[in-house]
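Here the structure comes first, spelled out in structure tokens, and everything after it is commentary.
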Amino acid sequence: MIAISKDMKPAKAKLTQVLILGFIAVALVACSSSAPTRTVGRMPRNDEMPKGDQGVKRKVGNPYKVAGVWYHPKEDPTYDQVGFASWYGRDFHGKKTANGEIYNMNALTAAHKTLPMPTYVKVTNLENNRSIVLRVNDRGPFVAGRLIDVSRRGAQLLGFEKQGVTRVRIQASDEQGRVASRRSTSHQVSAAPSRSSRQSPQTASEDMHFVQIGSYSSRQNADVQISALRRAGHRAESSRQVSGSQTFWRVRVGPFQERNLAEDKLDQIVADGFYEARIFTEQNR
């Protein structure tokens, strides 16, 4: 409230009041414009694996302590660990993650205690061999014996939503699921065998590896899947298999003489959305 002197003329008093109010308004605008703004990442869409910066900066993070335990985040481009995964959902849906993004339990994200945010990881359920790629944008799980918390959708695709916990392999990867740590010296040596080993009679009995996308009782369904795979750049074929009185058509890519080549192809196929794919090994007779 602004006080006006009794002996001030009405017109002059009104002009003074307007000037004072204008000054206050300008000051308030200046104060509000100088206040720092905080960027919050958007909520990803359902079934989306977020890419890019999502409106927040990438960070490794400082050491932190939870329940008496210290955790030390760090860059780890060759991260490759086996342990247990759990999942988190509705209680955190719509809330900010540790790096400022918004958690959507139906998107393809995950929480990890030490990997930078964001980091992409290939997660393989060792109980059924399903693999998917997830974006790490949160911290956790802070439960002894667990390595990663995946979103509810991630748990559904990996096939362990109902059981809650499963044994997994976690590998640092890029957005396409390509794992840098797979290129080892032993692989480079085995990729170029000597002439004597290539001509060895043992070659005929070596295992052959296939990436199988599915097995279908309908030839038409198998053909539909083959078409989808070929549009994604994968040369898939179907093979007829008879089991008792039933006939199935297996949709496969391969064969591969080396399992690590089959694993490379599996990474690519899963990254293209064929989450049921897995590796099958057969004796080459």
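The values are calculated or read from the model by the stated rules, or taken from the named source; none is laboratory data. In this text, all values refer to a predicted model and were calculated from it rather than measured experimentally. Note: ideal-geometry Cβ built from the backbone for every residue, glycine included; neighbour counts use all protein chains shown.
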Among strands (runs of 3 or more DSSP E) entirely within the stretch 215-283, at least 2 residues that are modelled with pLDDT of 90 or more occur in 246-256
Out of (1) at pLDDT 75 or above; (2) on the phi > 0 side of the Ramachandran plot, the one ASP80 does not meet is (2)
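Condition (residue is within 30 Å of GLN212 (Cβ to Cβ), surrounded by 13 or more Cβ atoms within 10 Å (Cβ to Cβ) and of a type outside the set (Lys, Arg)) applied to the stretch 52-60: is it met by at least one residue? Quick ask: steps written out before the conclusion?
Here is the first cut: in the stretch 52-60, the residues within 30 Å of GLN212 (Cβ to Cβ) are none.
No, every residue in the stretch 52-60 fails to be within 30 Å of GLN212 (Cβ to Cβ), surrounded by 13 or more Cβ atoms within 10 Å (Cβ to Cβ) and of a type outside the set (Lys, Arg).
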Out of the residues in the stretch 61-75 meeting the condition of being in contact (Cβ under 8 Å) with a residue 24 or more places away in the chain and out of contact with any strand residue (DSSP E or B) (no Cβ under 6 Å at 6 or more places or on another chain), tell me which one is surrounded by the most Cβ atoms within 10 Å (Cβ to Cβ).
PRO73
Could you check the stretch 52-100 for strands (runs of 3 or more DSSP E) lying wholly inside it with 3 or more residues that are under 26 Å from GLN163 (Cβ atoms) and assigned by TED's automatic domain parsing to the domain that holds GLY140?
80-88
Taking the condition touching a Leu at 6+ places or on another chain (Cβ under 9 Å) and in contact (Cβ under 8 Å) with a residue 24 or more places away in the chain, does ILE213 pass?
yes
State the number of residues belonging to the stretch 105-141 that are in a loop (DSSP other than H, G, I, E, B) and surrounded by fewer than 23 Cβ atoms within 10 Å (Cβ to Cβ).
13
Reported set for the stretch 51-84 where residues are in contact with a Leu (Cβ under 7 Å, 6 or more places away or on another chain) and among the polar types (S, T, N, Q) is GLN81
Which numbered condition GLU101 fails, given (1) among the acidic types (Asp, Glu); (2) loosely packed, with under 15 Cβ neighbours inside 10 Å; (3) touching a residue at least 12 places away in the same chain (Cβ under 8 Å):
(2)
Of a type outside the set (Phe, Trp, Tyr), within 14 Å of the chain's Cα centre (by Cα) and over 21 Å from LEU158 (Cβ atoms): is that true of PRO116 in this structure?
yes
Candidate set: the stretch 149-167, residues that are modelled with pLDDT under 95 and of a type in the set (Val, Ile, Thr); chosen: the one surrounded by the fewest Cβ atoms within 10 Å (Cβ to Cβ):
VAL165
What residue, of LYS57, LYS6, LYS51, LYS65, is at pLDDT 55 or above, farther than 15 Å from ARG135 by Cα and basic (Lys, Arg)?
LYS65
Please specify each residue of the stretch 168-201 satisfying the condition of being closer than 16 Å to LEU261 by Cβ, assigned to a loop (DSSP other than H, G, I, E, B) and modelled with pLDDT under 50.
ARG183, SER184, ALA191, ALA192, PRO193
